[in-house]
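Engineer: Quick one: this structure, given as structure tokens, is what I'll be asking you about.
The values are calculated or read from the model by the stated rules, or taken from the named source; none is laboratory data. Treat the numbers as computed from the prediction; the structure is a model and nothing was measured. Here the Cβ is made from the backbone with ideal geometry for all residues, glycine too, and neighbour counts use every protein chain on show.
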Amino acid sequence: MAHMVRQAPDALARAAQAFEANALNALLKPMFDTVDAARGAFGGGEGEAAWRPMLVDAVAKQIAAHGGLGLAAPVLRQMMQMQENQR
């Protein structure tokens, strides 16, 4: 097993939350892909298509920051356990 660098609990918590945000991004992207932007307030187009991935990312990060799906907590526990096992 590769040597792991010990991380502070707050760094691990941020990593677990980022993991959850990435998972949410993967779940939200197909939903946003089904939106007919041409009928929206901004009329769609290439500009809106270019910004959509950033919107999905921002929405995913906000959901994760406010509890998300509950993935961050078990991921954090597992990372802390792995770190303890390295002692």
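Engineer: Being more than 15 Å from the chain's Cα centre (by Cα) and part of a helix (DSSP H, G or I) is the filter here; which residues of the stretch 33-73 pass it? First the steps, then the outcome.
Structural biologist: Pass one, the stretch 33-73, residues more than 15 Å from the chain's Cα centre (by Cα): 33-52.
Of everything in the stretch 33-73, those that are more than 15 Å from the chain's Cα centre (by Cα) and part of a helix (DSSP H, G or I) turn out to be ASP33, ALA37, ALA38, ARG39, GLU46, GLY47, GLU48, ALA49, ALA50, TRP51, ARG52.
Here is a yes/no grid of residues against (1) at pLDDT below 85; (2) polar (S, T, N, Q); (3) touching a His at 6+ places or on another chain (Cβ under 7 Å); (4) under 14 Å from PHE19 (Cβ atoms):
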site: PRO30; (1), (2), (3), (4): no, no, no, no
site: ASP36; (1), (2), (3), (4): yes, no, no, no
site: ARG39; (1), (2), (3), (4): yes, no, no, no
site: ALA50; (1), (2), (3), (4): no, no, no, no
site: GLY68; (1), (2), (3), (4): no, no, no, yes
site: LEU71; (1), (2), (3), (4): no, no, no, yes
site: VAL75; (1), (2), (3), (4): no, no, no, yes
site: MET79; (1), (2), (3), (4): no, no, no, yes
site: GLN83; (1), (2), (3), (4): no, yes, no, no
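Engineer: Is it true that some residue in the stretch 14-28 is among the acidic types (Asp, Glu) and free of Cβ contacts under 8 Å to residues at least 40 places away in the same chain? Walk me through how you get there before you give the answer.
Structural biologist: First, pick out the residues of the stretch 14-28 that are among the acidic types (Asp, Glu): 20.
Checking which are free of Cβ contacts under 8 Å to residues at least 40 places away in the same chain leaves us with none.
No; the residues of the stretch 14-28 include none that is among the acidic types (Asp, Glu) and free of Cβ contacts under 8 Å to residues at least 40 places away in the same chain.
Engineer: Continuing with the same structure: Does ALA15 fit the bill of being at pLDDT 95 or above, exposed (fewer than 14 other Cβ atoms within 10 Å of the Cβ) and hydrophobic (A, V, I, L, M, F, W, C)? Even if it seems obvious, please write down each step before you answer.
Structural biologist: Working: at pLDDT 95 or above: yes; exposed (fewer than 14 other Cβ atoms within 10 Å of the Cβ): no; hydrophobic (A, V, I, L, M, F, W, C): yes.
In short, no.
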